[in-house]
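Notes for the one structure printed next.
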Amino acid sequence: MIIVAIAGTSGLAQYIAHYISTQTYHQFIFLSRYNNPGLVAKGWQVLKVDYNNSSSLRYALTGIDTVISTISGEAEIALIDAAAHVHVRRCVTL
């Protein structure tokens, strides 16, 4: 099974998650700066991450096959760097 990490919890991120959950058999997890009880209430998995802490970000991405980023700026650069360090196979930025 492919595991997808979706960075961000915006409307676009939720649209992507909805597509993944209804059109594929992939598993996904949201990466969020903050707790998000609304997404958890939908039954979706949310992992709180600190984009300024490279070691914890790398740990969060261990075992992830694909990262889809809906974030920007320094946080996105840190995400891409962490994904490269743990050998994530695909990284998509939007």
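Using a cutoff of 8 angstrom between alpha carbon atoms and counting only pairs six or more residues apart, the relative contact order for the chain works out to 30 percent.
Residue order for HIS26, HIS87, fewest other beta carbons within 10 angstrom first, comes to HIS87, HIS26. As a rough footprinting exposure proxy, the listed residues VAL92, VAL49 were ranked by other beta carbons within 10 Å of their own, and the order from fewest upward is VAL92, VAL49. A Gaussian network model of the chain, with springs between Cα atoms under 10 Å, assigns the largest mean-square fluctuation among GLY73, GLY63, GLY11 to GLY73.
Rg of the Cα atoms in segment 3-93, relative to 2.2 N^0.38 Å, amounts to 0.98.
Determine, for each peptide in 16-24, 53-61, 35-43, the mean count of other beta carbons within 10 angstrom over its residues, then list the peptides with the highest first. Walk me through the numbers before you get to the answer.
Working: 16-24: 13.8, 53-61: 16.3, 35-43: 11.3.
Result, highest mean first: 53-61, 16-24, 35-43.
Values quoted throughout were computed directly from the atomic coordinates according to the rules given, and no laboratory measurement underlies them. Keep in mind it's a predicted model, so treat the numbers as computed, not measured. Methodologically, a virtual Cβ is constructed for each residue, glycine included, from the backbone with ideal geometry; neighbour enumeration extends over all protein chains shown.
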